[in-house]
Amino acid sequence: MSVTSERIKSSRQQKKLTQQGLADIINSSRGSVAKIETDVFTPSYAMLTLIADALDTTVDYLQGKTDNALKTSHNGSDDGDDKKHVDLADDELIMSFEGKELSEDYKNSILAFVKMLREERK
């Protein structure tokens with residue numbers, strides 16, 4: 001089996017998804033997922049992107065180009081640090097929890113809480 005098929009199957013199982021469950025998320029069939037996982041069919045890049053998103057990982061990980069399964073955003077720094085700086089005061093910031101966007105009230109409550117914590121530490 002290829003690295004891609006092994007990683008798709010392993011990631012799917014870690015997410016406790018059945019082949020049908022993954023197929024439903026990516027709008028495909030269970031048979032197609034089975035063929036991908038057994039190396040009968042090689043998915044297109046577009047399909048790999050859908051699978052990676054469904055499994056909360058990256059195409060590079062699924063293809064074996066990296067061993068880091070976590071999605072990371074690069075901030076353009078060359079210091080080898082894959083962390084992304086997020087300014088909580090950014091009006092364009094969309095906060096979500098468990099895949100669901102938080103309301104403005106929740107966002108404002110979180111910001112107030114963070115400000116309170118910061119003030120306590122001074």
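Note on residue 106 and residue 14: their simple-model spin labels are 2.5 nm apart, each label 7 Å out from Cα toward Cβ.
Loop-located trypsin sites (Lys or Arg not before Pro) across the range 1-65 with a Cβ neighbour count of 15 or fewer within 10 Å are 15, 16, 65, with loop assigned by DSSP. Extending 7 Å from Cα along the Cβ direction at residue 63 and again at residue 94 yields two label points whose distance is 2.6 nm.
With a Förster radius of 22 Å applied to the C-beta separation of residue 6 and residue 49, the computed FRET efficiency comes to 0.75.
Read the figures in this text as sums done on the coordinates, not as results from a lab. Just so it is clear, the model here is predicted, and its values are computed rather than measured. Glycine also receives a Cβ, built like all others from the backbone with ideal geometry; neighbour counts cover every protein chain displayed.
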